[in-house]
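Okay, so here's the structure we're looking at.
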Amino acid sequence: MDKFRIIGRQSLAGTLPVSGSKNSSLPAIAACLLTAEPVTLHRVPQVRDIATMLKLLEFNGATVERFPNGSVRIEAKTITNPEAPYEIVKTMRASSLVLGPLAARTGTARVSVPGGCSIGARPINLHINGLEHLGATVHQEHGNIEASAPNGLHGNTVHFERITVTGTEDLMMAAALAKGTTVLENAAREPEVVDLAELLTKMGAQISGAGTSRIVIEGVKQLHGAEHTIIPDRIEAGTLLIAGIMTNSEVTVTDCIPEHFTALLNKLRQAGARIDASDTAVQTRPSSRLRSVDMTTEEHPGFATDLQAQFMALMTVSSGISFITENIFENRFMHVPELARMGANIRIEGRQAIVAGPSDLTGAQVMCSDLRASASLVLTALVARGESILDRVYHMDRGYERIEAKLAAAGAHIERI
């Protein structure tokens with residue numbers, strides 16, 4: 001099993017390039033099930049979750065071609081197996097994204113209840129309720145969700161009880177082939193939702209309002225092939241930016257869209273970080289001192305929950321007391337005991353973590369428990385005295401494309417062992 005070996009307190013310099021978005025690529029790949037014509041996606045990151053999703057589409061009957069430049073060509077002429085079996089999707093939460101496309105294209109779908117990171121509930125019932133509003137019959141048994149719509153889906157108004165990114169994406173895809181008009185109320189506004197809407201529009205879908213809380217989809221009889229470039233990964237961009245700030249380095253995070261993570265940039269500036277943003281890059285310069293600031297995770301455009309663990313790592317080297325409140329997932333502080341092993345002073349009270357800094361961080365052997373927790377441990381190891389060994393970095397590989405190579409190229413002492 002792979003591990004990371006990191007020797008801390010090395011300055012970084014140069015550029016840190018950002019890959020395509022994992023969270024945008026996954027629904028884009030699922031959307032390929034909606035048409036019999038080929039779809040070509042560019043800037044698809046080579047990470048484990050993507051490999052799992054592509055394997056799933058091949059199981060569904062699609063042909064998949066991957067190219068060295070990060071492009072993927074998918075052609076789902078016929079759907080031979082409209083299901084997502086547990087054996088394939090047990091390590092990935094995003095398997096629910098094929099529920100809507102399969103039901104819309106074939107009239108039936110059988111999807112194993114998603115696996116993935118153990119960071120808390122991501123209620124699949126929001127997907128189920130939405131599909132039922134579109135006329136599908138849905139039930140759950142033996143660990144599977146089965147949807148049936150032999151006469152096709154029908155447009156309707158769907159009001160999400162709580163904001164759900166994958167639920168919004170799933171229903172938007174299903175509604176693209178439904179008869180009539182579908183209105184999604186209380187929809188997610190994330191950049192990944194907008195990116196999916198742009199792809200679907202290129203495929204012939206009629207969608208308006210993506211990026212707002214009200215999305216309107218006029219169903220069409222069929223969709224066609226398209227070519228689309230995935231947006232940059234805003235979570236990776238934020239992670240790399242925090243790496244530069246924590247190591248007090250002058251680096252430039254390139255190939256990103258800073259507008260997608262404005263909430264993070266605002267908090268970093270409040271903490272005393274010296275950063276300059278352009279349309280496609282963010283530069284950080286050494287700062288004399290970082291100060292603790294409070295942070296609360298929220299749905300977009302608020303502070304992303306996927307950056308909470310990394311921000312907490314930053315607060316361990318900042319002066320003062322920081323209150324970090326997690327409002328999205330109820331079990332997303334699993335990195336705290338591992339950070340404590342490295343010398344961090346953190347106390348958990350319910351949905352709030354209280355961080356006292358700066359801490360005298362030292363290298364240790366720690367365990368990665370989920371994708372973003374892994375990132376926080378890498379960041380902390382970069383500034384800790386001595387050597388750190390990170391176990392179970394397969395979690396990191398689910399969402400970050402060769403991050404150890406990117407950091408090493410910028411001067412970090414990090415290697416995969």
Within region 366-386, count every residue that is in a loop (DSSP other than H, G, I, E, B) and either among the charged types (D, E, K, R) or under 15 Å from the mean Cα position of the chain (by Cα) (or both). 1
Being out of contact with any strand residue (DSSP E or B) (no Cβ under 6 Å at 6 or more places or on another chain) and of a type outside the set (A, V, I, L, M, F, W, C) is the filter here, so list the residues in region 215-235 that pass it. Lys221, Gln222, His224, Pro232, Asp233, Arg234
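Counting only residues that are over 23 Å from Asp233 (Cα atoms) and aliphatic (A, V, I, L, M), which one in region 34-69 is farthest from the chain's Cα centre (by Cα)? Quick ask: steps written out before the conclusion?
Start the filter on region 34-69 by keeping residues that are over 23 Å from Asp233 (Cα atoms), which leaves 34-38, 58-63.
Then keep just the ones that are aliphatic (A, V, I, L, M); that gives 34, 36, 62.
On the way: Leu34: 22, Ala36: 27, Ala62: 24 Å.
Selected residue: Ala36.
Out of all the residues in region 349-365, is one or more over 28 Å from Glu298 (Cα atoms), in a strand (DSSP E or B) and over 17 Å from the mean Cα position of the chain (by Cα)?
Within region 349-365, one or more residues are over 28 Å from Glu298 (Cα atoms), in a strand (DSSP E or B) and over 17 Å from the mean Cα position of the chain (by Cα).
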So, in region 350-391, how many residues would count as being modelled with pLDDT of 95 or more and of a type in the set (D, E, K, R)? 4
Residue among Thr181, Thr201, Thr229, Thr166 that is under 30 Å from Leu16 (Cα atoms) and surrounded by fewer than 20 Cβ atoms within 10 Å (Cβ to Cβ): Thr229
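Looking only at region 275-295, count how many residues are small (Gly, Ala, Ser) and over 19 Å from Ser249 (Cβ atoms). Let's see the steps before the verdict.
Filtering region 275-295 for residues small (Gly, Ala, Ser) gives 277-278, 281, 287-288, 292.
If we keep only those that are over 19 Å from Ser249 (Cβ atoms) as well, we get 292.
So the answer is 1.
Can you name the residue in region 387-396 that is surrounded by fewer than 20 Cβ atoms within 10 Å (Cβ to Cβ) and not hydroxyl-bearing (Ser, Thr, Tyr) and, of all such residues, is nearest to the chain's Cα centre (by Cα)? Write out each step before concluding.
If we filter region 387-396 for residues that are surrounded by fewer than 20 Cβ atoms within 10 Å (Cβ to Cβ), which is where we start, we get 387, 389, 391-392, 394.
Keeping just the survivors that are not hydroxyl-bearing (Ser, Thr, Tyr) gives 387, 389, 391-392.
Values: Glu387: 29, Ile389: 25, Asp391: 22, Arg392: 19 Å.
This residue is Arg392.
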Subset of region 232-265 [buried (at least 24 other Cβ atoms within 10 Å of the Cβ) and small (Gly, Ala, Ser)]: Ala237, Gly238, Ala243, Gly244
Scope region 387-417; condition in contact with a strand residue (DSSP E or B) (Cβ under 6 Å, 6 or more places away or on another chain) and in a loop (DSSP other than H, G, I, E, B); matching residues: Arg392, Val393, Ala410, Gly411, Ile417
State which residue pairs qualify: first residue farther than 18 Å from Leu99 by Cβ and inside region 155-176, second residue in a strand (DSSP E or B) and of a type in the set (Asp, Glu) in any location, beta carbons under 8 Å apart, and separation of 6 or more residues or different chains. Thr157/Glu185; His159/Glu185
Residue pairs, Cβ under 6 Å, 6 or more apart or interchain, first in region 118-146 and at pLDDT 85 or above, second surrounded by fewer than 21 Cβ atoms within 10 Å (Cβ to Cβ) and in a helix (DSSP H, G or I). List them. Val138/Ile128; Val138/Glu132
Only one of Ser11, Ser25 is hydroxyl-bearing (Ser, Thr, Tyr), within 26 Å of Asp279 (Cβ to Cβ) and either crowded, with 18+ Cβ neighbours inside 10 Å or in contact with a Ser or Thr (Cβ under 7 Å, 6 or more places away or on another chain) (or both), namely Ser25
I'd like the full set of residues that are buried (at least 18 other Cβ atoms within 10 Å of the Cβ), under 21 Å from Asp370 (Cβ atoms) and of a type outside the set (A, V, I, L, M, F, W, C), limited to region 28-60. Pro45, Arg48, Asp49, Thr52
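The values are calculated or read from the model by the stated rules, or taken from the named source; none is laboratory data. Please read these numbers as outputs of a predicted model, since none were measured by experiment. Please note: Cβ atoms are built from the backbone with ideal geometry, for glycine as well, and neighbour counts cover all protein chains shown.
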